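Asker: Please read through the structure below; I'll follow up with questions.
All of the numbers you see were taken from the coordinates with simple rules; none came from a lab. Computed from a predicted model, the values in this text were never measured in an experiment. Counting neighbours? That spans all protein chains shown, and the Cβs are built from the backbone with ideal geometry, glycine included.
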Amino acid sequence: MAASGKTSTTPQGRAQVADDLASRLRLSINRLHRQLRQESLAGLSPAQASALGSVYRLGGPTLGELASVEQVQPPTMTRIVASLLDAGLVTRVTDDSDRRSARVRITPAGKRNLERIRTLKNAFLRRRLGELDAGEQAAAAQLVELLEHLVAT
């Protein structure tokens, strides 16, 4: 369905509809992501919150591994981790298998902060979903299934 409400039967028309849909989807996801970040950083910068989540997910990455996952240069990650260390959200521990290397681990305070961020994001989405009528909520549930399908690997 094109933005005008008409479908196209020509290959060029279908390609244009697909391009428009892809663009609208990308913009909408980016805007939602930005709104979620603004609602829920719990005093952290976006880079800090993202790194804290990655430390939790990875369970104890090296600074190099963390920089790679976060797609930043190692000196940038060193600064981000230093700020998380200062805030008591992560610790650095010497790698048992390579004493020259250190791993970053999340602290109990870091886990609480991460849980707070997730709770705030969920609360924001619950409020917004609560503004929808029953039909829109059902459509949102279908959209989630479609998005999960799109990102499945």
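Asker: Would you mind calculating the gained length between residue 24 and residue 76 on full extension (0.36 nm times residue separation, minus the Cα-Cα distance), in nm to one decimal? Before the final figure, lay out the partial values.
Answerer: Working: separation 52, 0.36 × 52 = 18.72 nm, distance 3.22 nm.
Full extension from residue 24 to residue 76 adds 15.5 nm.
Asker: I've got another one for you. Tell me the label only: which of (1) 11, 39, 32, 15, 3, 0; (2) 10, 27, 27, 19, 12, 4, 0; (3) 10, 37, 35, 15, 3, 0 is P(r) over Cα pairs in 10 Å bins from 0, in percent as calculated from this structure?
Answerer: The value matching this structure is (2).
Asker: Moving on to the next point. Note down the net charge around residue 48, summing +1 for each Lys or Arg and -1 for each Asp or Glu among other residues with Cβ under 11 Å from its Cβ. Walk me through the numbers before you get to the answer.
Answerer: Working: positive: 79; negative: 70, 86.
Charge balance near residue 48 sits at -1.
Asker: Which FRET efficiency value, to the nearest 0.05, is calculated for residue 112 and residue 147 with the Förster distance at 25 angstrom and r the Cβ-Cβ distance? Please list the in-between numbers first.
Answerer: Details: r = 29 Å, r/R0 = 1.15.
With R0 = 25 Å, the Cβ-Cβ based efficiency is 0.30.
Asker: Quick one: Karplus J couplings for the stretch 84-98, per residue in order, coefficients 6.51, -1.76, 1.60, θ = phi - 60°, nearest Hz, x for Gly and Pro?
Answerer: 5, 5, 4, 7, x, 8, 9, 10, 10, 10, 5, 5, 4, 8, 9
Asker: So for 54, 101, 23, fewest C-beta neighbours within 10 Å to most, what's the order? Please report the intermediate quantities before stating the final value.
Answerer: Numbers: 54 19, 101 13, 23 10.
Listing 54, 101, 23 from fewest to most nearby Cβ atoms yields 23, 101, 54.
Asker: Starting with the fewest neighbours, write out 104, 144, 81 ranked by other beta-carbon atoms found within 10 Å of each beta-carbon. The partial results should precede the final answer.
Answerer: Working: 104 26, 144 10, 81 23.
Ranked by crowding around the Cβ, least crowded first: 144, 81, 104.
Asker: With only Lys, Arg, Asp and Glu charged, each at its Cβ (+1 for the first two, -1 for the last two), find how big the charge dipole of the stretch 1-124 is about the Cα centre; round to the nearest 20 debye. Walk me through the intermediate numbers first.
Answerer: Details: 19 positive and 10 negative charges, 61 e Å.
With Lys and Arg at +1 and Asp and Glu at -1, about 300 debye.
Asker: Tally Lys/Arg at +1 and Asp/Glu at -1 over every other residue whose Cβ is under 14 Å from the Cβ of residue 96; what's the total? Walk me through the intermediate numbers first.
Answerer: Values: positive: 92, 99, 100, 103, 105; negative: 95, 98.
Charge balance near residue 96 sits at +3.
Asker: Would you kindly derive the ³J(HN,Hα) couplings of the stretch 145-153 from the backbone phi angles with the Karplus curve 6.51 cos²θ - 1.76 cosθ + 1.60 (θ = phi - 60°), listing them in order in whole Hz, with x for Gly and Pro?
Answerer: Working through the residues one at a time gives 4, 5, 5, 4, 5, 4, 8, 5, 10 Hz.
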